[in-house]
1. Explain nothing, just the number: relative contact order of the range 62-179, from Cα pairs under 8 Å at least 6 residues apart, as a whole percent.
2. Please turn the phi angles of the range 76-86 into ³J(HN,Hα) values with the Karplus equation 6.51 cos²θ - 1.76 cosθ + 1.60 (θ = phi - 60°), one per residue in order, whole Hz, x for glycine and proline.
3. Using the charge dipole of the range 64-146 (Lys, Arg: +1 at Cβ; Asp, Glu: -1 at Cβ; taken about the Cα centre), state which of ALA123, GLY144, VAL106 has its Cα farthest towards the positive end.
4. Which one, PHE78, GLN94, ALA157, is farthest towards the positive end of the dipole of the range 62-179 when Lys and Arg carry +1 and Asp and Glu -1 on their Cβ?
5. Hey, what do the phi angles of the range 131-138 turn into as Karplus ³J(HN,Hα) couplings, whole Hz, using 6.51/-1.76/1.60 and θ = phi - 60°, x for Gly and Pro?
6. What list do you get for THR107, THR73, THR112 if you sort them by fewest beta carbons within 10 Å?
Amino acid sequence: MTRKIATLMLLAGTVALVGCARNRDVLPPEAWSPPPASGAIDQPGTVPPPEPVGSAALAGSQQALIEAAGSDTVFFGFDSYALDEQARAILGAQAEWLVRNPGVRVTIEGHTDERGTREYNLALGERRATAARNFLAAQGVGTGRLSIISYGKERPAVDGANEEAWARNRRAVTVVVAAR
């Protein structure tokens, strides 16, 4: 019985292969091989590549925020929590995105460079996060969607004890935490 089933399966596979080979005769010869890689679109039988459509980022994701606003991070001067023009532009774009995505909640993380005591840097990080939150709220984003946290100097973006590293660490980062 098993031998009969195996023979029938072998026979069916052979018939299928022979059928496929016969279908090749129906197609024109140019369809048997891939089109030439010349890149010319105006040749008969070639199809142009698809145009990119929108963003590859998931709606309401961190990546979508970055694509829409240009950045999820704003930077601050030494010992400051004042928003400069560039920070206001980035936060303005973030606010527009948040208004268009009402189901998204974010946490704004405040960070400092390594100089200063732990307590001082935690307080400064909180003031930086609060400044960013207040700006977003003033642009129409509901405060119930905005939370803050200060990491002070505990989570540097860049290691180093020089002005370039310190400047990259004095920041507030908007992090998407939930999307409905």
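1. Numbers: 234 pairs, mean separation 43.1, N = 118.
Once divided by the residue count of the range 62-179, the mean separation gives 37 percent.
2. Calculated HN-Hα couplings, in order: 10, x, 4, 6, 9, 10, 7, 8, 7, 4, 5 Hz.
3. Positive-most Cα among the choices belongs to GLY144.
4. GLN94
5. Couplings: 4, 5, 4, 4, 5, 4, 5, 5 Hz.
6. Neighbour counts put them in this order, fewest first: THR107, THR73, THR112.
Every number here is computed from the coordinates shown, using simple stated rules; none is lab data. Given the structure is predicted, the values throughout are model-derived calculations rather than measurements. Backbone-built Cβ (ideal geometry, glycine too); neighbour counts: all protein chains shown.
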